[in-house]
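Structure, as structure tokens:
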Amino acid sequence: MPTATKTSGSQFDAILAPRRKPLSEPVAERGIEAPSKSAGKLAKSKDPDFRTTTLYLRKKTLANCEHRLKINDDERDMSELVEELMNNWLKEN
């Protein structure tokens, strides 16, 4: 039985070769700005000003709030909404 001899590389090398261009120039020279670590917001899970907590909410209440945020194109997440409501409550009391 004849055995197939494997040529160098994969059978897909010819297809993938155009996509495998080495990045010979530094990012700045290509006119692309490298992402800065300080440019983005610090994740709440990494931010020392935040603390994880558990709240018990009725499923329907949570679902209605999430739905209302979505239909109003509100960019806040649930934790931001709860924090705003709690801060308002603190100001009033």
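Let me confirm something: among SER36, SER10, which residue is assigned to a loop (DSSP other than H, G, I, E, B), touching a Leu at 6+ places or on another chain (Cβ under 9 Å) and at pLDDT below 90?
SER10
Taking region 61-93, which residues are free of Cβ contacts under 8 Å to residues at least 24 places away in the same chain and either in contact with a helix residue (DSSP H, G or I) (Cβ under 9 Å, 6 or more places away or on another chain) or surrounded by 12 or more Cβ atoms within 10 Å (Cβ to Cβ) (or both)?
Residues satisfying the conditions are LEU62, CYS65, GLU66, LEU69, ASP74, GLU75, ARG76, ASP77, MET78, GLU80, LEU81, GLU83.
The values are calculated or read from the model by the stated rules, or taken from the named source; none is laboratory data. Predicted, not measured: the structure shown is a model, and the values here were computed from it. We place every Cβ from the backbone using ideal geometry, glycine too, and count neighbours over all the protein chains shown.
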